[in-house]
Amino acid sequence: MAAPSSSAAANIMLAISEKKTNSVDLYRPLRNYVAFHYSEREAQNLEDDLQTLKQLRSDVERHSDPSLPARRDLLQSYYKSLCLVETRFPISSDPDHVNALTFVWFDAFKPKQKASQQNIHLEKASVLFNLGAVYSQIGLSYDRNTVDGRRQASHAFIAAAGSFAFLRDNASLKASVGSSTTVDLSVECAGMLEKLMLAQAQECVFENTIAKGSTPGVCAKISRQVGIYYEEALAALNVAPLSQHFDKSWIVHVQLKAALFYAEACYRYGLELHDKEEIAEEIARLRSAVNVLTEAKKSSKGAAAQILDAIGKLEANINRNLERAVKENDRVYLMRVPSPSSLPPLPAFSMVKSMVMNEMLDASKEKMFASLVPDNSAKALSRYTEMVDDVIRTQAEKLQQASELTRVRLKEMELPESILALEGNFTLPTSLKEDVEAVQISGGPAGLEAELQQLKDLRRVNQELLVQTEELLQKEAREDSQFRSQFGTKWTRPQSSTLTKNLQDRLNRFAGNLKQAAESDGRIERSVREHSSLMSILDARPIESALPSLARPIMSFDQNEDAIVGSLKQSLRQLETLGAQRAGLEDMLKEMKRKDDILPKLMTSTGSYDDLFKKEIAKYDHICEEIAQNIEAQEQLLLQIQAQNDEFSVIFNLEDYKASREKAYKQIEAAIAKFREIKDNINEGLKFYVTLQDAITNVKQQSNDFVMTRNIQCREMIEDVQRQVAGLSFQDNKNTGVFNSNYPSVGSQNQRSNTQTDPPRPQTPYYQQQPVEQPPIPTYGHHPPPPYGSPAQHHQPPPPYHIPPSSTAPYPPAQVHHQPPPNHEYGQPAYPGWRGPYYNAQAQQPGSVPRPPYTIPSPYPPPHQSGYYKQQ
């Protein structure tokens, strides 16, 4: 059965005490240095920065603020300030340096031991140590009996581990140089403290995992990692220089914690094994845990009572489960129990890692002493930077030339394309593949039939509209003729043919348009049929399936094709590896330059700058040698690949394959060109039919308006004739004479040109095409109709689809006085804007095309506002 965490009672953790120091005055020595090497004015300008630095050092010495977070922030600010001091003030015993400063720091674990150095490295390392110590104290200050408290404590211990890791990697070695040093700042001690803080952070995570009720398997992994961290810390404590430096209670504490969490992991893992009925391994794990706890208790003198109590409780739980498992195995399972030494290590999982402190301790954005840069150091640094840039530039050019040489040589040999073609993975050139994909996305050749059907449907809709409009006008003309026969000379209004001449002319032109468009549609259909076999290659998916493949030879004498291909592929992989190495080498050069900050060395150097430069620039030599070796290896490999490819080309008849492949490319290009040509023709036709439909719809609307108005006038004239027959007054007869003088002619200029008509009601275009916006619409005109005795009285309208034979264009010539409209005109070829082999009727001259018929509005007022029979 599972029990609460035994380590909960052992929640005893360690915090690190800060190092102590002696007072030191930073202000006076640094100010004197600035005044002597720069100027008194510069020293005055830096007065605020010097006072700030002095105050920071004083606060570090005195613990002025007892708050741990405030102490943490103080140490971070002071460390950044020290980084800025290091780059501007050479502190050493040299007469030309700041030689009046001596830093003294005492060992944190052996306070009687101290280190005294005339350099800033001891000061920086000690501040970093104290920062880690303060973080550990912050972690210990949280209430670890709550979930949130343990979470906050874990974060603080992680930060402490990061501080000690930063100390180990950046300051310990520098601070340990010389005879005066302390063990607490050594690399070994900093590493041990990092592991100890990680162990305590992982321990907090383990307690929270238990509190959440996680599975025994998860708890076992996290507990085992706690034990591993403690074991690593214990290993460092048991060897020099730490073995004789720490109090015995430290070693006992860490040793018991390591044993406790190993046993805890065995106990939790045993619970999972019991659920899986793996009783034999459970028994072995529990026995191993008992042995470890028993061994640890032998050296528990001086340990905290809470830890010993936790060990006792855990041991009782383990023994209880062990006794139960042994009984079950003896009675039921009868498994052979393996020895603990034969068991694999327990699985572990780390939930914590040291915090990265680089950004937190980065002083590059600090403004302190920003104006102070030694002139000789700045010049020397600039000179060294130029030397580094020259090295990197030279090597980068070599790398670039090597990569370009590889690219060109492989392109000449058509590698690795030929290998890919042999494996069936060949692809088209990028531009050609993009063109094919565009064709396939648009529907491909298989989709042209549907678009041709759209053309047919739109042509049929336009034809139907045209017939409906013609029938409408013919019906009105028949009715007018009937009444004219019935009433004779009393029927005085103009004939319909006189008034609808313009409408009939437009309908004839539309009919001619449709006839010519139908011929163009036929040419498109024939083109699709004639070139379907050519374009069928574009329907292949993927398109590469239509390409010729590079096949193995039918007959082979030595059967060495596979060996040749294998060796060539291996050489290409080696070449690719060399290319990746070159990229990595270039990145290494740039990264090395980024980290190459020799300013502190320049500012503390007492010898020749040339000697320093020679020493520092040598850091790049090993990378330069690797680059030279890489390029040499590539040259040898390219020669080998050339020989292998020559043999490959002969065996697989590569020249014939190239010829057939180029032929396939040309076929695809020709198919794309033909498809685009047909597609453009179809699109032009669709646009034409949609625009023509709008125009016919407008003329149909005008015809409806005309018929409606004629019907109203017909009724009024019938009433007038009936009144005459009934013997009405001559004055009434006189008033009715306005028919001959006021009736307008359809298509002529109207004096009431500003009269607005009802907005047209265009039919919805086929396939939901948007209607073209039409320009302003002129009225029918103002010329009165010719008298009945004139030749116009007997004029007959032309046939509905009559096209004047004298014109080469699909439309008759326009009237001279009409102005060309700003938009599309129906006097152009059947498909507007067409310049291809279809729909290529001759274009008319500018100014000769008629105004589109659908731009002419109805001159007739609404029925309730008839202006033809007004009383005088």
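Here are the numbers for the structure shown:
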| read-out | value |
| --- | --- |
| Tally, over segment 136-158, of residues that are part of a loop (DSSP other than H, G, I, E, B) and hydroxyl-bearing (S, T, Y) | 2 |
| Whichever residue in segment 67-111 is in contact with a His (Cβ under 9 Å, 6 or more places away or on another chain) and within 22 Å of K379 (Cα to Cα) and, among such residues, is most open to solvent (accessible area, probe 1.4 Å) | D96 |
| Count - residues of segment 637-693 that are open to solvent by 30 Å² or more (accessible area, probe 1.4 Å) and among the aliphatic types (A, V, I, L, M) | 7 |
| Any hit, segment 353-362, residues being in the same structural domain as N170 (by the TED database), in contact with a Lys or Arg (Cβ under 9 Å, 6 or more places away or on another chain) and touching a residue at least 24 places away in the same chain (Cβ under 8 Å) | yes |
| Subset tally (residues that are open to solvent by less than 10 Å² (accessible area, probe 1.4 Å) and within 27 Å of I668 (Cβ to Cβ)) for segment 481-527 | 2 |
| Residue among R493, R506, R541, R529 that alone is among the basic types (K, R) and within 30 Å of V725 (Cα to Cα) | R493 |
| Some residue of segment 588-601 being over 30 Å from N653 (Cβ atoms), among the aliphatic types (A, V, I, L, M) and at pLDDT below 80 | yes |
| Number of positions in segment 277-322 that are part of a helix (DSSP H, G or I), more than 13 Å from Y262 (Cα to Cα) and among the basic types (K, R) | 3 |
| Residues of segment 159-170 classified as under 16 Å from L196 (Cβ atoms) and either open to solvent by 60 Å² or more (accessible area, probe 1.4 Å) or outside any helix (DSSP H, G or I) (or both), total | 1 |
| Residue within segment 52-65 that is β-branched (V, I, T), closer than 24 Å to K112 by Cα, surrounded by 12 or more Cβ atoms within 10 Å (Cβ to Cβ) and touching a residue at least 60 places away in the same chain (Cβ under 8 Å) present | yes |
| Within segment 171-199, tally of residues that are in contact (Cβ under 8 Å) with a residue 24 or more places away in the chain and either not charged (D, E, K, R) or not in a helix (DSSP H, G or I) (or both) | 20 |
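Conditions tested, residue by residue: (1) open to solvent by less than 40 Å² (accessible area, probe 1.4 Å); (2) at pLDDT below 90; (3) part of a helix (DSSP H, G or I).
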residue: Q395; (1), (2), (3): yes, no, yes
residue: V408; (1), (2), (3): no, no, yes
residue: L415; (1), (2), (3): yes, yes, no
residue: A421; (1), (2), (3): yes, yes, yes
residue: L428; (1), (2), (3): yes, yes, no
residue: A446; (1), (2), (3): no, yes, yes
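The values are calculated or read from the model by the stated rules, or taken from the named source; none is laboratory data. The shown structure was predicted, so the numbers you read here are calculated from the model rather than taken from an experiment. Counting neighbours? That spans all protein chains shown, and the Cβs are built from the backbone with ideal geometry, glycine included. Remember, those area values only see protein heavy atoms, side chains included, never the ligands or the DNA or RNA. Shrake-Rupley method; radii C 1.70, N 1.55, O 1.52, S 1.80 Å.
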